[in-house]
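Okay, so here's the structure we're looking at.
Just so it is clear, none of the values below were taken in a lab; they were calculated from the coordinates. Just so you know, these numbers come straight off a predicted model, no measurement behind them. Cβ sites come from the backbone with ideal geometry, for glycine too, and all protein chains shown count toward neighbours.
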Amino acid sequence: MKIKEGFLLREIAGTYIVVPIGERVIDFKGMMVLNSVSADVWGFLSEHRNYDEVIEYILGMYEVDRQTVENDLNDLFRQMEANGVIET
């Protein structure tokens, strides 16, 4: 899974926003706002890290159980896929 070409993540006034560039501007309607953890996940996907590495990072940073991380990460991936910003 990776971020599709033509999308950038920008921090604007403390808010993380997915920004389309180039021809993606035509297809991408609306806005996708991420929280800081989701922005970190974006960074991992941009570096082509795998699912397990993302989970291990989150588990190391926050006091949360693995099942919660997996559920939340799967929800995030579904949203990103629905918005057309990732490819598998």
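For this structure, a couple of remarks:
- Filtered by the rule that a residue be among the hydroxyl-bearing types (Ser, Thr, Tyr), over 16 Å from Ile17 (Cβ atoms) and surrounded by 16 or more Cβ atoms within 10 Å (Cβ to Cβ), the range 29-88 gives a lone residue, Tyr57.
- Test for Glu11: is it over 18 Å from Glu87 (Cα atoms), among the charged types (D, E, K, R) and touching a residue at least 24 places away in the same chain (Cβ under 8 Å): yes
- Among the residues of the range 1-28, those that are within 20 Å of Asp72 (Cα to Cα) and either among the hydrophobic types (A, V, I, L, M, F, W, C) or surrounded by fewer than 11 Cβ atoms within 10 Å (Cβ to Cβ) (or both) comprise Met1, Ile3, Leu9, Ile17, Val18.
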